[in-house]
Amino acid sequence: MNKKTLAKIAAAVVVVAGGVFAYRAFGWGAMNGPVNSLKIDLSKPDALVVTKSLSSLPRDLLTVPLARDVLREDFLFYYEQTEDRLGLKGSLRRIAYEHELRWGDQLIRMVLDEPAEVAMWRDADGSLKHYVISVSRGKLARVLEEAGKVALKDTQLTIAGELRVDGDKVPVYALNYAYQRNLLFAAHGDRMVILSHPGMLYGADRKDSDDTAQATVTKLLAKDAAQQKVFHDQFHFGKTAQDGHSIAIKADFLSFGYQPFFGGLEALRFDFSKGAWRSQVLLDAAKLPKNGYDSSALWSALPYNPSSCFTLPVDWTSLQPVLKSIGGKTSQPVLPLATELSGPAAACWYGNSRLHTPVFVANRAGGNEALFESLFQAAIRDGKGVQKAQGKKGELRWSGAVSTAQGETTPTLAISGNTVVFSADGKLVDQVLAVKRKEMPAASDLLPDAKHTVGLIAPAALAKLIEQESFNTLPGQREPVLRGAVDAHLVPRLQALKKYPPYRMVLKSVPAKGVSWQALEWQAAGK
C-alpha cells in the first residue's frame, strides 16, 4: 500500500465530516423553521466549500476506501431522498407546471452541476445549519425573468425584498417549499445567490434588512470577479481555478469555541484533485508558541493506543482572563499559572473510558505546585472533599468526586516532573502517571517522529468507544426497535472501521512568518 493510498484512507476520517457539512448545508436535512436568538454575521462564515460540482462531492468522498467501507452507497441515496430535497423538487415542479415553465428540476441540477461556493454558519446548537450558495450560470438569467412573473401570482414564490447591485435593482425572491422551510434567492447577470433562511438577510422577524448581510450578498452578485470572492481572504484561498473540491473549516467551529486558546491554528482544509484527497492546516506564525510545535514530550507521557489524540499549539497567556476571574475564589492568586505552563497541550480519548472524559496533558516550565492545588480546589466544589496524595516517585495527585448527568466522576489533577495531567476520569490520570514511571507503554512507541506528530487516530479503538457510547445512550431492553437499528446499521460499519490500522497526522513544517496553509500528512503509525 503506497503513501498516497494511506493518505486517502486516513484523510477520510475528517474529510467525511466535511462532506456531510457541505451536503447538509444545502438544505436537505437542515432545519429551516424560525431563527433562534443567534445572530449570524454573514461576512464571517464558519466553513467554506469551493467546488467544480456539488453533486460530485459525495461520489468523490467514496473514492476513499475507509469512507466507502463506513458510509457505503447509502450515503448517496440518503441525500437524494431526504425530505427537504424532495419537498424542494416537488415545489419547483408544481410552480413550473402550473405556470407553464420549463425549469422545474433543471434549477436544482443547474446549481448542483456547476462550479459553486457554499459558505456555512453554525446555529445555536453548534451545527452548520445556515448556508449561502453562489453560482455562475448564463441560463439562470432566463430562469429569474420567469420567476419575477410567477412571484406576482403564486403562493409559494414571492418577492421578499430588493437589493441594489452595480446600480441595478435586483429583486430577492422567497420560496416556501415545505412546512417552515423557506429560502431566498436572487440573481444579477449570470450570478445567482441562494440563502437557506430569510432571517439571514432580513433578521429574525424578516422585516429589517441586515446591512452586513446585504453588503455581502451584493458582492456575491456583482460582476467583478474579485468582489464575488468575498470569503476567500479569511480562508486564505488562492486565486487559482478550482479543478475539484476544497473544504475549509475554521478551528473555532471544530473546537466548540475554544480556539482563542490556540490562536496559532486557524483552520483545517481538505482538497480533492486528480482523484486524491489531501489535508492542510492554516497556521499563524505570530500566534504560535516561541518554542514551536514540538509535541515529543507529550507523546512520551500519553498511554499507548488512544482512540484519538491531538496536540494543539496553546497560547498560555490567553488563560489570563480566566485565571484572573478564578483567583477571586482562591486563597492565593492563580494568575501566575499562565507562565507556569509551556509548549503545546494534548487532548486524548481512550476506548476504556468515556467520550465525555478525555485526558489533557501539558508541560510546565515552573515548579510552583501550590498554584495547581489552589486552582483545582477552586474548580472542585470550592475545595470541599478534595483529596491530596503523593505517589511512588514524588508525583502529586488531587482528586474529588463530582455528580454529573452522566453519573459520578472523579476529576483528577496530577503533576509528575514537568508533566501536568487532568481528566474527569481519574483512571486515565493514573495511567499517565504509570507511563511516566515506565510501568506502561507510551503512545510514542507507535511514533517514529513524535516531534512532528500532531494527531493520532486508531480506528479500532475509536470504533470501540463509539460503540460503547452508542449503546449507553439507548433506552433499556424494552425498546427493541432502536437497538435493532443500531445492530443493523451502526455495528457493521464499526466492524469495518476496526479493520484499519492506526494513522498519525504529521506536520513537518510551520510558517516562519505570516499566515499560510501547511501540508498535513497522514501516515501509518509505526512507519
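The values are calculated or read from the model by the stated rules, or taken from the named source; none is laboratory data. This structure is a prediction, so every number in the text was calculated from the model and none was measured. Note that we place each Cβ from the backbone using ideal geometry, even for glycine, and neighbour counts take in every protein chain shown.
Residue selection: A405 fails the criterion of being crowded, with 22+ Cβ neighbours inside 10 Å, assigned by TED's automatic domain parsing to the domain that holds A378 and modelled with pLDDT under 95. Of all residues in the stretch 106-163, those being at pLDDT 80 or above, closer than 26 Å to I249 by Cβ and of a type in the set (A, V, I, L, M) number 9. Among the residues of the stretch 193-201, some residue qualifies, meaning at least one is among the polar types (S, T, N, Q), at pLDDT 70 or above and in contact with a Phe, Trp or Tyr (Cβ under 6 Å, 6 or more places away or on another chain). Consider the stretch 501-527 and keep the residues that are of a type in the set (S, T, Y) and surrounded by 15 or more Cβ atoms within 10 Å (Cβ to Cβ). The one that is farthest from T311 (Cα to Cα) is S516.
You will find that of S509, S444, the residue that is of a type outside the set (K, R), under 28 Å from N291 (Cβ atoms) and part of a helix (DSSP H, G or I) is S444 and no other.
Of all the residues in the stretch 381-402, those that are surrounded by 10 or more Cβ atoms within 10 Å (Cβ to Cβ) and either modelled with pLDDT of 90 or more or in a strand (DSSP E or B) (or both) number 9. Restricting V421, V435 to those that are buried (at least 22 other Cβ atoms within 10 Å of the Cβ) and assigned to a helix (DSSP H, G or I) reduces the list to V435.
The set of residues in the stretch 278-302 being touching a His at 6+ places or on another chain (Cβ under 9 Å) and of a type in the set (F, W, Y) consists of Y293 alone.
Entry remark, the stretch 260-287: residues being of a type outside the set (D, E) and without any contact (Cβ under 8 Å) to a residue 40 or more places away in the chain number 4 in total. Is at least one residue of the stretch 347-356 under 23 Å from the mean Cα position of the chain (by Cα), aliphatic (A, V, I, L, M), at pLDDT 90 or above and crowded, with 21+ Cβ neighbours inside 10 Å? No - not one qualifying residue is present in the stretch 347-356.
Being within 31 Å of the chain's Cα centre (by Cα) and assigned to a helix (DSSP H, G or I) is a description that does not apply to A414. For the stretch 464-478, the criterion of a residue being over 30 Å from A379 (Cα atoms), touching a residue at least 60 places away in the same chain (Cβ under 8 Å) and touching a Gly at 6+ places or on another chain (Cβ under 8 Å) is satisfied by at least one position.
Each row is one residue, and each column tells you yes or no for (1) surrounded by 16 or more Cβ atoms within 10 Å (Cβ to Cβ); (2) outside the structural domain of A187 (by TED's automatic domain parsing); (3) in contact (Cβ under 8 Å) with a residue 24 or more places away in the chain; (4) on the phi < 0 side of the Ramachandran plot.
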position: T216; (1), (2), (3), (4): yes, no, yes, yes
position: K219; (1), (2), (3), (4): yes, no, no, yes
position: S246; (1), (2), (3), (4): yes, no, yes, yes
position: I249; (1), (2), (3), (4): yes, no, yes, yes
position: D252; (1), (2), (3), (4): yes, no, yes, yes
position: Y258; (1), (2), (3), (4): no, no, no, yes
